[in-house]
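Okay, so here's the structure we're looking at.
Bear in mind that the values in this text are calculations on the coordinates, not laboratory data. Given the structure is predicted, the values throughout are model-derived calculations rather than measurements. As a convention, Cβ positions derive from the backbone with ideal geometry for all residues, glycine included, and neighbour counts pool all protein chains shown.
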Amino acid sequence: MLDIQLLRKDLPAVIAGLARRGVTFDEAAFRALEDERKGLQVRTEELQAKRNALSRQVGMLKGKGEDASAVLAEVGGIGEELKANETALGSVQERQNAFLRTIPNIPRAEVPEGRSADDNVEVRRWGEPRAFDFAPKDHVDVGAGLAGLDFDTAAKLAGARFSVLRGGVARLHRALAQFMLDTHTREHGYTEVYVPYMVSAECADGVSSLAKFKDDLFKLEGRDLYLIPTAEYPVTNFVRDTVLEAKDLPLKFVCHSPCFRSEAGSYGKDTRGMIRQHQFDKVEILQVVSPENSARAHEELTGHAETILRKLGLPFRTMVLCTGDVGFSSAKTYDLEVWLPGQDAYREISSCSNFEAFQARRMQARFKGGDKGKPEPVHTLNGSGLAVGRTLVAVLENYQQADGSVSVPEALVPWMGGVTRLDKA
């Protein structure tokens, strides 16, 4: 959520910042709420001051032994108006808060201008796509040849956009997740956590706008619970309604979990294979830091996700998202796109974002001991380190052999119990 004081002090800057991402701020609605709030607040303060003055007068009258009933009656009338005013003030503040919770974050100044993914900017590239001496297959055909990918059985169980993994492919999927967790905990300093796969509406709205994006989530019927679309939802809420000590920052967590997404609005997109599914696994890395360290932490966290791809020998490129493609809560995002020879294209495998204080304000997550001398919002960051299913796709496609087998990346062999190849069924 944006800082309400920023809107009050420099509304033109907020309007201009949101315009960079193609969002038109409803200035009239905000000013109407502000005018109503100011009027009620001024009147409330006037009534409080008058009640205090009359209360002192009552004390003086009683001290002199004089009749104070008329003044007491006036105090009572003020009390009733004050109570009504305070109720009205609380109501307008709630409406103002609800309005602000639907406003996206302002992109950082260095985020490139643009309207869509076509305007994202490549900042670096690693690895050369392999030159095949045969026509490479996509992961669906490679997995089928290994008898390891079964979409027909998945459809029988749950419908479209699900998969069943078998044998060596299922083991490879498990090994990838364990490899990622061990790398992030042993080499990058993250603490592994295990979390519920469901969160409350309050938790969901703490990381993004539930009002705007609830159709993207799966809700449990009759319960105030949503299946998590990413471990970001529960893990970020660790610090909700919390005041941390500056000395305890940064907090660094890594979590492996299934993720559930309705894929609302994605009809017809990536219907083949495992690229876009209702259920998939992801290893999420997340940091909670002080404001002065968030830009550096963003580069570090992105580098941690890149490390997984380098260790696996998977060619990738790092893209900074333009203002028109950055997510609702993000101030700046890097996407890592892995090379998929079966598609002859780079595809997203990780999104690493700096939310600055946007999520923290929604969650009332603060720290004390900083330069300001009073509790202030922390900064939150997270990224996929990596999406396990898409990494499996990348390994199957990049390490496929002409005979239908798949070589296991060298870095992954210890997590595969020494297995170096998945043979064709």
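Just so you know, the averaged projected area of the alpha carbon convex hull for region 76-200 sits at 17.7 nm².
Summary value for region 56-208: 8 percent relative contact order, contacts being C-alpha pairs under 8 angstrom separated by 6+ residues. Each of L309, G189, F213 was scored by the projection of its Cα onto the charge dipole of the chain, and the greatest displacement toward the positive side belongs to G189; charges sit on the C-beta of Lys, Arg, Asp and Glu. Based on DSSP, what percent of beta bridges with both residues in region 117-422 are antiparallel, to the nearest 5? Antiparallel bridges: around 90 percent, rounded to the nearest 5.
This model, with +1 at the C-beta of Lys and Arg and -1 at the C-beta of Asp and Glu, gives region 316-362 a dipole about its Cα centre of some 240 debye. Counting every C-alpha pair in region 200-338, the share spaced more than 25 angstrom apart comes to 34%.
Run a plain Debye calculation on the chain (Cα atoms as equal point scatterers, no solvent) and give log10 I(q)/I(0) at q = 0.08, 0.10, 0.12 Å⁻¹, rounded to two decimals, same order as the q list. Reported log10 I(q)/I(0), two decimals: -0.54, -0.77, -1.02. When you count the other C-beta atoms within 10 angstrom of each residue and take the mean per peptide, 309-315, 352-358, 225-231 line up highest first as 352-358, 225-231, 309-315.
Helix 11-20 and the long axis of the chain differ in direction by around 20°, with both axes built from C-alpha atoms. Think of it as helices only: each DSSP H run of n ≥ 4 in the chain is worth -39500 (n - 2.57), and spread over all residues that comes to -13000 deg cm²/dmol at 222 nm.
Rounded to 0.05, the FRET efficiency of the Y197 and A49 pair, given R0 = 45 Å and the Cβ-Cβ distance, is 0.30.
Extension gain, A411-Q93: 0.36 nm per intervening residue step, less the Cα-Cα distance, totals 109.0 nm. Phi angles of region 221-233 translate, via the Karplus equation with coefficients 6.51, -1.76, 1.60 and θ = phi - 60°, into HN-Hα couplings of 4, x, 10, 8, 9, 10, 5, 6, x, 5, 5, 3, 4 Hz per residue; Gly and Pro are given as x.
Modelled label positions at E113 and R125, each set 7 Å beyond Cα in the direction of Cβ, lie 2.6 nm from each other. Pairs of Cα atoms nearer than 8 Å and 6+ residues apart set the relative contact order; for region 319-425 it is 19 percent. Measuring r between the beta carbons of K311 and T185 and using R0 = 22 Å, the FRET efficiency lands at 0.95. Site pair T102 and D133 shows an inter-label distance of 6.2 nm when each label is modelled 7 Å from Cα along Cα→Cβ. Prolate is the label for region 26-100, because a/c, from the alpha-carbon gyration tensor with a ≥ b ≥ c as root eigenvalues, is 1.5 or above and a/b exceeds b/c. Computed from the C-beta positions of K156 and K424, the FRET efficiency with R₀ = 35 Å rounds to 0.90. About the centre of its Cα atoms, region 26-100 shows a dipole size close to 360 debye [charges on the beta carbon of Lys, Arg (+1) and Asp, Glu (-1) only; nearest 20 debye].
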